[in-house]
Amino acid sequence: DQFNVVTDGSPEMIRATVHELFEKVGRDGGYICSLSDHFFETPPEKLQMYAEAARECVY
């Protein structure tokens, strides 16, 4: 559940979840790693952590 991970998760949990999703769903390419618009109250630092973890995932 992206919302709870990004909102309440530690930096390690956010990174691990992004990488896990990339490995499971992005194995053959085409996975779009994106957040929805439900993160109004989320600290910007958490969103930055998510973006940094996503940039680490490459095919």
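Read-outs throughout are calculated quantities, based only on the coordinates presented, and are distinct from any laboratory measurement. Note that this is a predicted model, so its numbers are computed, not measured. We place every Cβ from the backbone using ideal geometry, glycine too, and count neighbours over all the protein chains shown.
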Could you point to the residue in 36, 58, 11 farthest towards the positive end of the chain's charge dipole, with +1 and -1 charges on the Cβ of Lys/Arg and Asp/Glu respectively?
58
The chain: which trypsin sites (Lys or Arg not before Pro) are DSSP loop and have at most 12 other beta-carbon atoms within 10 angstrom?
27
Tell me the label-point distance for the pair residue 56, residue 4, using the 7 Å Cα-to-Cβ offset, in nm and rounded to one decimal.
2.2 nm
Report, largest value first, the span of the C-alpha coordinates of the chain along each principal axis, in whole Å.
34, 22, 17
Mind putting a number on the dipole of segment 2-56 about its Cα centre? Charges go on the C-beta only, +1 for Lys and Arg and -1 for Asp and Glu, and I need it in Debye to the nearest 20.
140 debye
Under the definition of Cα pairs under 8 Å and six or more residues apart, what whole-number percent is the relative contact order of the chain?
51 percent
